[in-house]
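Report on the structure given below.
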Amino acid sequence: MPDPHFPARHTPPRALPPHAPPPARDTAGAALRRRHLLGLGGAVSACAALGVQATPLAPDDGVWTRLQSPGAPSERSAPVAAALRSSIYLFGGVKDDFRTSRNDFLADLHRYDVHANRWTRLAPPGDAPSPRAFAGGVAVPHRNWLVVFGGARYSADLSQFTPLSDVWAYDASAGRWQALSGIAPLPGSPAPAPRAWPVVWRADDQLYVFGGVVAGFRTLNDLWRFDLASRAWTQLAPHGAPGSPPPRYSGAVTGTPHRGQVTLYGGEATDGNGGFIFLRDTWTFDLHTLVWRQLLLGPGQDIDPPQNHGADALLGNGLLMAGGDQPGGSSGCGAGFPQNPTNALWRLDLNAPAWRRLAPQGDAFPRIKRTAAATVLGEMYVFSGFGFTCGADGGGGQLWNTDVWRYTPPYRYWGH
């Protein structure tokens, strides 16, 4: 029976050959036209201030668009997504079915063409990363690489938890994976402990890894840097270092620097007794001084209630946080712990730090968590994840998302 929340798709057209470049289309022009239309909202506001009557053409807080894409990847949560040119690459994840208590970990690789709104499943020859979820991933545009670090495989009750520490790069030009580190570590060489759901970002040819959850379900707050050229790790701060943010995993991060700094929000910690703690603090990390600084936000300037496990992205001069989980919710319908997905979209202004909840128009963004996101030409694309509903009679459960959701920001958020 079709799922009313996610209608059936049209039959996909003939797929491109693996690794073939997407056809040339006016992607930049289309994105700019969408943003120019939103930008007219500012002009309308100015007209109103002058007493000139005008009809608003666009919402102040941007627009969500639901894209039902042919050839979409299968249902999953916690994959890696990263953008290279006008394509977004999606790797791995897990179909963690609460009803069956079965976890199917994935290692497939897909390319999404933002021009054609079409998926292509890739089949790179040779070695490839093992199946995993909750890995860290970044794009390295100057190398045309998708880089993946760590992740984990685990049983439904988390009694068996196997974190990973290898580093892989998918070369989109060559159409194949290569192992960069961690497959056969050299004795005595420094390297981070295997971990899942670390906070990762990239600056130039350096991959940064902060925190994560390790064996024994312990969270860390150490900081490491991996040089993509020398393929060597350097520890910048050990676990427990003074001045570092508290231990966590699954924080939202800008992914690349903004004016020499990276911004981190929230995440989750473990309490040592099998419980989870929502974090709601906001930090910056200076790439020149290597110093963390907590942003002390005033009343009404923070995300409330806190949320994590959502889609995060740097867009213009703001950090976006879309959807995810909030405290509370239901642990019925097979869920092992409370589920409370949200569809809230928040933006942190990086020039005058304060969080603000946005109210985009367009299609209604669903209440989903454990998604992945990437940006192309100033727009954010959100993939995968699931929603959750559970009735008093035990009916319901996970609602899997296989659509692509595009957020187009208003004109005023273009700045840097």
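The values are calculated or read from the model by the stated rules, or taken from the named source; none is laboratory data. In this text, all values refer to a predicted model and were calculated from it rather than measured experimentally. Methodologically, a virtual Cβ is constructed for each residue, glycine included, from the backbone with ideal geometry; neighbour enumeration extends over all protein chains shown. These accessible areas exclude ligands, DNA and RNA; they are computed on the full protein's heavy atoms, side chains included. Shrake-Rupley method; radii C 1.70, N 1.55, O 1.52, S 1.80 Å.
Within the set Ala372, Ala364, Ala344, Ala352, the sole residue that is free of Cβ contacts under 8 Å to residues at least 24 places away in the same chain and either open to solvent by 50 Å² or more (accessible area, probe 1.4 Å) or closer than 12 Å to Ala322 by Cβ (or both) turns out to be Ala352. Suppose we filter Thr342, Thr284 for residues that are at pLDDT 95 or above and farther than 16 Å from Thr254 by Cα; which single one remains? Sole residue among the options that is at pLDDT 95 or above and farther than 16 Å from Thr254 by Cα: Thr342.
Selection of first residues in segment 75-91 that are farther than 19 Å from Ala116 by Cβ and of a type in the set (Val, Ile, Thr) and of second residues that are open to solvent by 10 Å² or more (accessible area, probe 1.4 Å) and assigned to a strand (DSSP E or B), restricted to Cβ pairs under 6 Å at least 6 apart or on distinct chains, gives the following pairs, ordered by first then second residue: Val80/Gly137. For segment 223-233, the set of residues classified as open to solvent by 10 Å² or more (accessible area, probe 1.4 Å) and either in a strand (DSSP E or B) or acidic (Asp, Glu) (or both) consists of Trp224, Arg225, Asp227, Ala232, Trp233, listed by residue number. Identification of strands (runs of 3 or more DSSP E) wholly contained in segment 234-350 with 2 or more residues that are within 27 Å of Asp222 (Cβ to Cβ) and aliphatic (A, V, I, L, M) yields 261-270, 276-286, 311-315, 318-330.
Across segment 304-341, what is the total count of residues that are open to solvent by 40 Å² or more (accessible area, probe 1.4 Å), on the phi < 0 side of the Ramachandran plot and touching a Lys or Arg at 6+ places or on another chain (Cβ under 9 Å)? The total comes to 3. Does any residue of segment 103-118 turn out to be in contact (Cβ under 8 Å) with a residue 12 or more places away in the chain, touching a Lys or Arg at 6+ places or on another chain (Cβ under 6 Å), open to solvent by less than 20 Å² (accessible area, probe 1.4 Å) and not in a strand (DSSP E or B)? Looking through segment 103-118, none of the residues is in contact (Cβ under 8 Å) with a residue 12 or more places away in the chain, touching a Lys or Arg at 6+ places or on another chain (Cβ under 6 Å), open to solvent by less than 20 Å² (accessible area, probe 1.4 Å) and not in a strand (DSSP E or B). Scanning segment 179-216 for residues that are of a type outside the set (Gly, Ala, Ser) and more than 23 Å from the chain's Cα centre (by Cα), we see that the one that is nearest to Pro238 (Cα to Cα) is Pro190. So which residues in segment 294-303 are surrounded by 14 or more Cβ atoms within 10 Å (Cβ to Cβ) and more than 18 Å from the chain's Cα centre (by Cα)? If the condition is that a residue be surrounded by 14 or more Cβ atoms within 10 Å (Cβ to Cβ) and more than 18 Å from the chain's Cα centre (by Cα), then Leu295, Leu297, Gln301, Asp302 are the ones that fit.
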